[in-house]
Each structure stands twice: as structure tokens, then as C-alpha cells.
Amino acid sequence: METIKGKSPKTVQEYFFDLRTFFRYMKIKKNLTAADTEFSEIPIDDITIDFLSMVSLTDVYEFMNFVTIERENKNAARARKSASLRAFFQYLTNKTHQLKENPVQELETPKQKKSLPKYLTLEQSIDLLNAVDGPFRERDYCILTLFLNCGLRLAELVGLNLNDIRPDHTMRVTGKGNKERMIYLNSACQKAIEEYLKVRPNPMSVSDKKALFISHLNKRLGRQAVQNIVQKYLKKIGLDGQGYSAHKLRHTAATLMYQHGNVDIRVLKDILGHQNLGTTEIYTHLSNQQMEDAADANPLSKVEMSSSKHKKSE
């Protein structure tokens, strides 16, 4: 998964967790573990190809029912488990030919609820930037500016290095699956980076000398630290506890570019580093103002019922 398909270590780990849960469930179902063994303690190092050859599609559906009821997995979690199982058994049948039949070939993916992405309005975004203060003002302002202008993922921002900032006002970003893309830095981003680099700690005192964003401990700023920075300023403008996060700033950047900049969706796809255009289409939702303007544009929008009653002809 990681070497050939280029999946991130985190994705590979999630696939492993999904398969481990499935194997543990199957051992219970086949009475291959003691009744008093805790689920998390059930070993899986004794799973064999003969054991896997006994897996049926019915077993998998019953497993999905188990994680729904016992583990309270939502559709998204079950969809990922479906993907994990399909990838695993496809590998065993089509790649290594250890299994003659793929038991999950007809497995359907749970339908996920499509909801509009949560994002800040233009006014809220400006308020967030204006709320930045304190001893790390330049760094924090630069972080928020890159989130709101470039639509970076949290891991992408944390992974930025000094040499990713190019003299031609572009920035190299390493996204999912180690895929690189170039992002143009507008004047706001250029200025924010310039001001931050003036006060960035001396590289000689930093443990990770390549890192762009440095913590107060002179280390590369971590994911949780960035989340805390974002939450700090969201709280200052009264948006804490409302489901906003660093990832929602990515949603905000995409939505603002689409709604206010008339950015083509295919261009937006490349900026965000999406593999499929369908993923980007969630940002093409209409704002309330756009819907109001559309309603007002109807040629019948000003037509009202006449005040005088129609008189019958005599």
C-alpha cells in the first residue's frame, strides 16, 4: 500500500486497524478464542490463508452489522472498512493468487451522507486574521494566511520546509501519497511569509533546520500545536465550540475562491490537490446570497397580483 500505491503511513495504519478488527471478529464468530478474552487482546498472528478462504460475503455483512451496533461506526467508518477489506482480498486473489475466489467482490460500500462543508464567511475570515496577536504574531498570522489563501491540509502545512518557498512566488506542497504540487503565492501570502521569516528563530538553534514553522521549543511545529493555534483565534472571535478547525479553514479557502473569485472547478481541483474532480465538487455549493440573487433574477420576481378585482362583462 505504501511502497507501490503511494498511500500515506497513516492510511496504511488505518487499513491495518480495520483488518485487525475484522480478524478478531472472525475468530470470535468461528469460536477460535476463549470466551473471556477481551476483544482488544485477541491475537491475529495465527491467521492463515486457510482461515481466510473460509470467509464469505455473509461473514462480512455480519461484521458490518457488528461494527455498526457494537462499535457505533458511522457510514464513513464502515465505508473505509469496506475499502480495506476489498483491497486486502483483491490483493490475495488478483496479485498473489493465494485465494481462488474473492469473497468481497460483490461487497457494496455504505452510502455516505453528503453534507455541505463548514466554512467561515469572508467577514469571519478577516476577523480571524485581525485577531492575531502575541509574541508569535507573525508566525500565527502566516499560518492562518496560508490556510485561508492556499487551502492547505493540516499535514501539508506542518510539513512545509524553508526550501519549499520559491523565489518565483510559488510554494511546493507535498500532499497525500507524497504527491507534490505547486501553489502560487498571492501578495498576502508573500507578505506574511516575508514578515515571519524576519523573526523566525535562527536556524542554528532549531532542531529541524529545514522546517518553515517553528515552535517555542525550537522544534518543527506539530499538528496538534497548529490546531491549538487555530482554536485560540477562533475562540477570540467567538467561533469556538462550533465545529470549526484547521481543516475547515481549507474548506473556507476553497469556498471563497469559488464563490468570490469565480475560479474554475478544475483549477480548484489542482490547487487543493484532489485526485478526483468529484471531491472538489462539494465546494460548488451555492451561498444564500447567490440563491437570493437567482430568485430575484427571475423575470416574474416583481409581478404581483392586481389590486383591482376583475369585473365580469355584462
Per the C-alpha gyration tensor (a ≥ b ≥ c, the square roots of its eigenvalues), region 9-95 is rounded if a/c is under 1.5, else prolate if a/b beats b/c, else oblate; here it's rounded
For the pair ASN178 and ASN163, the simple spin-label estimate (label points 7 Å beyond Cα toward Cβ) gives in nm 1.6 nm
For THR170, other-chain or 5+-apart residues with amide H closer than 5 Å (H placed, Pro excluded) are LEU185
GNM on the chain, Cα springs under 10 Å; top mean-square fluctuation among LYS118, LYS74, LYS179 goes to LYS74
Under the Karplus relation with 6.51, -1.76 and 1.60 and θ = phi - 60°, whole-Hz ³J(HN,Hα) for region 19-31, x at Gly and Pro, equal 5, 4, 4, 5, 4, 5, 4, 5, 5, 5, 4, 8, 6
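Shape verdict for region 122-287, please, from the Cα gyration tensor: rounded (a/c under 1.5), prolate (a/b greater than b/c) or oblate.
Note, shape of region 122-287 comes out oblate.
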Summed over the other residues with a beta carbon less than 9 angstrom from that of ARG181, with K and R at +1 and D and E at -1, the charge totals 0
Checking rank on 67-73, 20-26, 102-108, with mean other Cβ inside 10 Å and highest first, the result is 20-26, 102-108, 67-73
Net charge near ALA254 (other residues with Cβ under 15 Å of its Cβ; Lys, Arg +1; Asp, Glu -1) is +3
Here the FRET efficiency for THR68 versus GLN13, based on Cβ atoms and R0 = 22 Å and rounded to 0.05, is 0.45
Beyond 19 Å (Cα-Cα) in this structure, taken from LYS10/LYS210; LYS7/LYS179; LYS30/LYS74; LYS5/LYS179; LYS74/LYS176; LYS179/LYS269, we find LYS10/LYS210; LYS30/LYS74; LYS74/LYS176
The set of residues whose placed amide H lies less than 5 Å from the amide H of ASN161, leaving out same-chain residues fewer than 5 positions away, is LEU212
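What size of dipole, in debye to the nearest 20, comes out for the chain about its Cα centre when the only charges are +1 on Lys and Arg C-beta atoms and -1 on Asp and Glu C-beta atoms? Display every interim value, and only then the final one.
On the way: 47 positive and 37 negative charges, 73 e Å.
Taking the Cα centre of the chain as origin, the dipole is about 360 debye.
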The long-range amide H neighbours of LEU152, using H built 1.01 Å from N in the peptide plane and a cut-off of under 5 Å, are none
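Taken together, the values in this text are just the output of simple stated rules run on the coordinates, not laboratory data. These numbers come from a predicted model, not from an experiment. Using ideal geometry, Cβ is built from the backbone for each residue, glycine included, and neighbour counts are taken over all protein chains shown.
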